[in-house]
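The structure appears below as structure tokens.
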Amino acid sequence: MSRLCQDRVVVVTGAGRGIGRAHALAFAAEGAPVVVNDLDGAAEVVAEIEALGGKAVAHTADVADWAGAKTLVDTALKTFGRLDVLVNNAGFVRDRMLVNLGEDEWDAVVRVHLKGHFAPLRHAAEHWRAEAKAGRTPSARVINTSSGAGLLGSVGQGNYSAAKAGIAGLTVVAAAELARYGVTVNAIAPAARTRMTEAVFASMARPEAGFDAMAPENVSPLVVWLGSEESAHVTGRVFEVEGGKVALAQAWRHGPVVDKGERWDPAELGPVVKDLLERAPEPEPVYGAS
């Protein structure tokens, strides 16, 4: 019986543990050969997949490094002969309040999340564009990993929130630019227990009910579906995923407007802004704000 992603070659970054590992195993269970990327732990996940009868190969380069990201795409092509799905998942946190956040902590988090999404996407897109121009238009998928922190903000995570917001913005731009080449680009904002979040979500498990709402495996079914050919009509979207819940996140939208038809005087704008705020819905609260 054919499975949902049978023979679709999938790359998952940050797949040595946590949500990325769950993605790799879930894709393999649906028939996909998987390139398992992580700085450590990739070989163990490959062994798990192979023990279950699947196909996988380890890749241990840094995906936020330009050359390393290129070898990620090259590994898929050389090992399995094609690339159908890129799941950008790699990341870590360096949480601090803004007044204590160091330049190195800012740079490291923005690099691994934002550049670590862009670099693999850029090299994969170059390959898919070449395929389309050669008359072999792919049915390719990119699934990026944003966060509730990127959509709404999170106190103590200014660097992480900024990077994850950037990923959401990158997702909609890539969706618009790559559609002509047969590529869809979507993002998820997952809530699950990982090394980054285990202290926060430990109390939310419900093993007595037979369902651990914060298990990373809960996130993967949607990612697998987004990686399948069934999802061809969905692009430029961000989905929130937690436990058994799937929600479509609403992006920034044009709101109430006042148009004077000419330049404003600064002294006129107090009542204008008051009117706009009264006509607009209240923003969602920032995570952790009192």
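The values are calculated or read from the model by the stated rules, or taken from the named source; none is laboratory data. Given the structure is predicted, the values throughout are model-derived calculations rather than measurements. Note that each Cβ is placed from the backbone with ideal geometry, even for glycine, and that neighbours are counted across all protein chains shown.
Tell me, yes or no, whether the range 252-275 has at least one residue that is small (Gly, Ala, Ser) and closer than 22 Å to Val142 by Cα.
No, every residue in the range 252-275 fails to be small (Gly, Ala, Ser) and closer than 22 Å to Val142 by Cα.
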> How about the range 119-173: which of its residues are within 20 Å of His23 (Cβ to Cβ) and polar (S, T, N, Q)?
Replying inline: Ser139, Asn144, Thr145, Ser146, Ser147, Thr171
>> Can you list residue pairs whose Cβ atoms sit under 6 Å apart, with the first residue in the range 82-97 being over 14 Å from Phe27 (Cα atoms) and the second being crowded, with 16+ Cβ neighbours inside 10 Å and among the aromatic types (Phe, Trp, Tyr)? Count only pairs 6 or more apart in sequence or on different chains.
In response: Val93/Tyr160
>> Restricting to the range 253-267, name every residue that is free of Cβ contacts under 8 Å to residues at least 12 places away in the same chain and exposed (fewer than 10 other Cβ atoms within 10 Å of the Cβ).
In response: Arg253, His254, Asp259, Gly261, Glu262, Arg263, Asp265, Pro266, Ala267
> So is Glu230 acidic (Asp, Glu), in a helix (DSSP H, G or I) and either crowded, with 19+ Cβ neighbours inside 10 Å or at pLDDT below 95 (or both) or not?
Replying inline: no
>> Take Val63 and tell me if it is in contact with a Pro (Cβ under 6 Å, 6 or more places away or on another chain), of a type in the set (A, V, I, L, M, F, W, C) and either surrounded by fewer than 24 Cβ atoms within 10 Å (Cβ to Cβ) or modelled with pLDDT of 95 or more (or both).
In response: yes
>> Please determine whether any residue of the range 135-150 is in a helix (DSSP H, G or I), over 11 Å from the mean Cα position of the chain (by Cα) and among the basic types (Lys, Arg).
In response: no
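In the range 80-111, how many residues are of a type outside the set (Lys, Arg), surrounded by 15 or more Cβ atoms within 10 Å (Cβ to Cβ) and more than 24 Å from Trp128 (Cβ to Cβ)? If you could, list the steps in order and put the result at the bottom.
Initial filter on the range 80-111 (of a type outside the set (Lys, Arg)): 80-81, 83-93, 95, 97-110.
Now drop any that are not surrounded by 15 or more Cβ atoms within 10 Å (Cβ to Cβ), which leaves 80, 83-91, 93, 95, 101, 105-106, 108-110.
Checking which are more than 24 Å from Trp128 (Cβ to Cβ) leaves us with 93, 95, 101, 105-106, 108-110.
So the answer is 8.
For the range 151-181, give me each residue that is assigned to a strand (DSSP E or B) and under 21 Å from Val219 (Cα atoms).
Ser154
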>> Of the residues Ala43, Ala28, only one is surrounded by 17 or more Cβ atoms within 10 Å (Cβ to Cβ) and more than 21 Å from Leu121 (Cβ to Cβ); which?
In response: Ala28
